[in-house]
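The structure appears right after this line, and notes come after that.
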Amino acid sequence: MTAKIKLNAASGGGSFSLQAPSSSANNRVFTIPDVADGTIATTATSGKILQVIQTVKTDTFSASHGSTVDITGLSVSITPSSSSNKVLVTYDTNVSMANGSYHAHIFLVRGSTKIFLGDAEGSRTRASNFVISGNDGNGGIYYYPAHGEFLDSPATTSATTYKVQVCRESGSGYVDINSRKSNQDYSLCSSITVQEISQ
């Protein structure tokens, strides 16, 4: 029995081959849908999702005033199959601060490079998200979701790490991620997801 079927172009162009699996235990059936004519998508088809990787953070994290730090456990690594492919990064974080008009910045980072930033303007901090707490005079703890989505061009086939950083730039207390304060009835989570998109 022939293991390969080869079709040659009628006008001297290229060829197309269908080849059966090498093992007799690996029988495969591919059914073409009974719909209008179309083109078969492959891993080289532009816009195709090639892989999806996610990290979910369910524990808590705290950062003190003045320093930009990685949010522990909120990072994900992906190895693109082609240097021309893009990576769609989506992150969701739950930030909390005591009331009192405190504020913090969230940064999306590739490796050690901050990406998804606002334009440079004087001495203003370029960031992905800005979070500010309210002040109701009751000393409460407030939660603020920070979400972002960015289509990155890492231009590499090496393992690439994406992560989220936080910096509290006012106030003397802490900025918390997924905080579960003793007087709050919340147990929150955060996540970061990467998808390789063919180009």
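The values are calculated or read from the model by the stated rules, or taken from the named source; none is laboratory data. These numbers come from a predicted model, not from an experiment. Because the Cβ atoms are built from the backbone with ideal geometry, glycine has one as well, and the counts that use them run over all protein chains shown. Accessible surface areas use protein heavy atoms only, side chains included; no ligands, DNA or RNA. Shrake-Rupley method; radii C 1.70, N 1.55, O 1.52, S 1.80 Å.
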> Between Lys48 and residues 5 or more places away or on another chain, which pairs have amide H atoms under 5 Å apart, with H built 1.01 Å from N, and which residues are they?
Replying inline: Ser198
> From the backbone phi of the range 58-68, what are the Karplus-calculated ³J(HN,Hα) couplings (6.51 cos²θ - 1.76 cosθ + 1.60, θ = phi - 60°) in whole Hz, Gly and Pro given as x?
Replying inline: 10, 8, 9, 8, 10, 10, 8, 5, x, 10, 8
> For the chain, with only Lys/Arg (+1) and Asp/Glu (-1) charged at the beta-carbon, what is the dipole magnitude about the Cα centre, in debye rounded to 20?
Replying inline: 600
> Which of Lys6/Lys48; Lys48/Lys163; Lys57/Lys163 have a Cα-Cα distance over 21 Å?
Replying inline: Lys6/Lys48; Lys48/Lys163
> Along the positive direction of the dipole of the chain (beta-carbon charges: Lys, Arg +1; Asp, Glu -1; about the Cα centre), which of Val87, Tyr174, Asn27 reaches farthest?
Replying inline: Asn27
> Can you give the accessible area per residue of the chain, in Å², using a 1.4 Å probe?
Replying inline: 61
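Hey, any idea what % of the range 1-46's accessible area is carbon plus sulfur with a 1.4 Å probe? Intermediate values should be presented prior to the final figure.
Working: 2590 of 4650 Å².
That fraction is 56 percent.
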>> Suppose R0 equals 35 Å. What FRET efficiency, 1/(1 + (r/R0)^6) with r the Cβ-Cβ distance, do Gln19 and Thr58 give to the nearest 0.05?
In response: 0.15
> What list of ³J(HN,Hα) couplings, whole Hz, do you get for the range 104-114 from phi and the Karplus terms 6.51, -1.76, 1.60, once you set θ to phi - 60° and write x for glycine and proline?
Replying inline: 8, 10, 10, 10, 8, 10, 10, x, 10, 10, 6
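Compute the Cα gyration tensor for the chain, then decide on rounded, prolate or oblate, letting a ≥ b ≥ c be the square roots of its eigenvalues: rounded whenever a/c is under 1.5, prolate when a/b is larger than b/c in the other cases, and oblate in all that remain. Don't skip to the answer; put the middle values down first.
Working: a/c = 3.50, a/b = 2.57, b/c = 1.36.
Taking the square roots of the gyration eigenvalues as a ≥ b ≥ c, the chain is prolate.
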> Over the chain, what is the relative contact order in whole percent, taking alpha-carbon pairs under 8 Å and six or more residues apart?
Replying inline: 35
> Tell me, what ³J(HN,Hα) does each residue in the range 88-94 have, in order and in whole Hz, if you take phi through Karplus 6.51 cos²θ - 1.76 cosθ + 1.60 with θ = phi - 60° and put x for Gly and Pro?
Replying inline: 8, 10, 10, 9, 9, 10, 10
